[in-house]
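Worksheet for the structure shown next.
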Amino acid sequence: MTPMGWPGWGVLLTTWRPSWVVDVLVLVAALAYAAGVRRAARAGEPWPLGRTAAFGAALAGLVVTFDSGVAVYGHDSFGVHMIMHLMLIMVVPALWVAGGPLELARRVGSPRVRVLVDSLAGRIGRAVFHPATVFVVYTLVVVLTHLTTFMQAMAGSPALHHLEQVLYLGAGLLFFATALGADATPSRPSFLGRFALMMLAMGVDTLVGVVLLLAPRTPFPAYELADVRVGGAIMWAGGDALMMLLIVVLARWWVRAAGQGPELGPWLESARRSALGLAPDRDGDVDGDVDRDEDALAAYNRMLARLHQGGR
């Protein structure tokens, strides 16, 4: 194939070509979600408008990715390909998870649908959505598709290009289902754990982006060196900016959840209870709300008294 450089933002924004398979799937997902929202409203449990907007934005992101110039030039231009990468592995998955389609299905779906969603909490589901698992999958997909010969093979194979798109979307959904913890997934780490997970993933994006940006020669003969460097810059700057934006969103969720009790994670909460001289909560674990417990307040006052006596 003849190497192609960056086509320009104007061309990307004005070039459109329908992708009928994706468009039909998007339409089906939109109708199913709208039906769920309607059923929730009729049941007297209106679905949050923000979640509906997030899911709609995720579907719109899919249409842009597969119908616009991003899809038309994403196979021939490495820079455009990187935009497609970020859309599929970060933007669309994060918005999809924020929309909470699994939680909506569990709330208004049929008994069979609810059993299917609840089955994610089984041993296999917990292993798949474990923070270590999702980070390893995210890292392998990003590194192996950009720092190996896969990209060169993909440039000459539309089938591999479609496989890569599926890998990006799947890895992104898996990662943000755990990192954002906004949907009915079995693994929901503490906010500190989710921050750490996002920072680690941002480090992976930065590493790959910098390697491509500073490449002395093109690692993929199908693409020009200047185009590869544009792609590396997009991955580095764009990937880090998107991840930081999501971290800010997660921080807002943390502040909003602060009024409902601490979210420090089991280990830190256990240490805090131990320091206050409290036993685990009624369920035998340590995720109870210490700050709203009268016994905790009394224990805290006793601890201050002991410290005061020790100082004297």
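Heavy-atom surface analysis with a 1.4 Å probe gives segment 20-155 a carbon and sulfur content of 73 percent of its accessible area. Peptides 223-232, 120-129 ranked from most to least packed, by the mean per-residue count of other Cβ atoms within 10 Å: 223-232, 120-129. If the chain linking Ala132 and Leu214 were pulled fully straight, counting 0.36 nm for each residue of separation and taking away their Cα-Cα distance, it would gain 26.6 nm.
In the context of the full set of protein chains, segment 160-222 has a per residue accessible area of 37 Å² (1.4 Å probe). In this structure, the amide hydrogen of Ser68, modeled 1.01 Å from its nitrogen in the peptide plane, lies closer than 5 angstrom to those of Arg17, counting only residues at least 5 positions away or on a different chain. Here the Debye sum runs over all C-alpha atoms of segment 1-44 as equal scatterers in vacuum, and log10 of I(q)/I(0) at q = 0.15, 0.19, 0.21, 0.28 Å⁻¹ comes out as -0.65, -0.76, -0.81, -0.94. Taken one residue at a time, the phi angles of segment 88-105 give Karplus couplings (6.51, -1.76, 1.60, θ = phi - 60°) of 7, 9, 10, 5, 5, x, 4, 5, 4, 5, 4, x, x, x, 5, 5, 5, 5 Hz. Gly and Pro are set to x.
P(r) tail, segment 45-203: Cα-Cα pairs separated by more than 20 Å, 54% of all pairs. For the peptides 242-254, 142-154, 175-187, residues were scored by their other Cβ atoms within 10 Å and the scores averaged per peptide; the highest-first order is 175-187, 142-154, 242-254. Accessible area per residue for segment 38-118 is 41 Å², calculated with a 1.4 Å probe on protein heavy atoms, without ligands, DNA or RNA.
Work from the charge dipole of segment 1-89 (Cβ charges, +1 for Lys and Arg, -1 for Asp and Glu, about the Cα centre) and give the residue of Ala41, Met87, Ser19 farthest towards its positive end. About the Cα centre, the residue reaching furthest to the positive side is Ala41. Express the relative contact order of segment 156-230 as a whole percentage, based on alpha carbon pairs under 8 Å and six or more residues apart in sequence. Once divided by the residue count of segment 156-230, the mean separation gives 16 percent. The length gained on full extension between His162 and Thr14, counted as 0.36 nm times the residue separation minus their Cα-Cα distance, comes to 51.0 nm.
A cut-off under 13 angstrom between Cβ atoms defines the neighbours of Asp76, and their net charge, with Lys, Arg +1 and Asp, Glu -1, is -2. Sorting the segments 135-141, 86-92 by their mean number of nearby beta carbons within 10 angstrom, highest to lowest, gives 86-92, 135-141. The slack between Ala121 and Arg38, meaning 0.36 nm per residue of separation minus the straight C-alpha distance, is 27.2 nm.
Using C-alpha pairs below 8 Å separated by at least 6 residues, the relative contact order for segment 38-182 is 30 percent. Using 1/(1 + (r/R0)^6) with R0 = 22 angstrom and r between the beta carbons of Ile247 and Ala53, what's the FRET efficiency to the nearest 0.05? Calculated transfer efficiency: 0.60.
The values are calculated or read from the model by the stated rules, or taken from the named source; none is laboratory data. Predicted, not measured: the structure shown is a model, and the values here were computed from it. Glycine also receives a Cβ, built like all others from the backbone with ideal geometry; neighbour counts cover every protein chain displayed. Note: areas computed on protein heavy atoms with side chains; ligands, DNA, RNA excluded. Shrake-Rupley method; radii C 1.70, N 1.55, O 1.52, S 1.80 Å.
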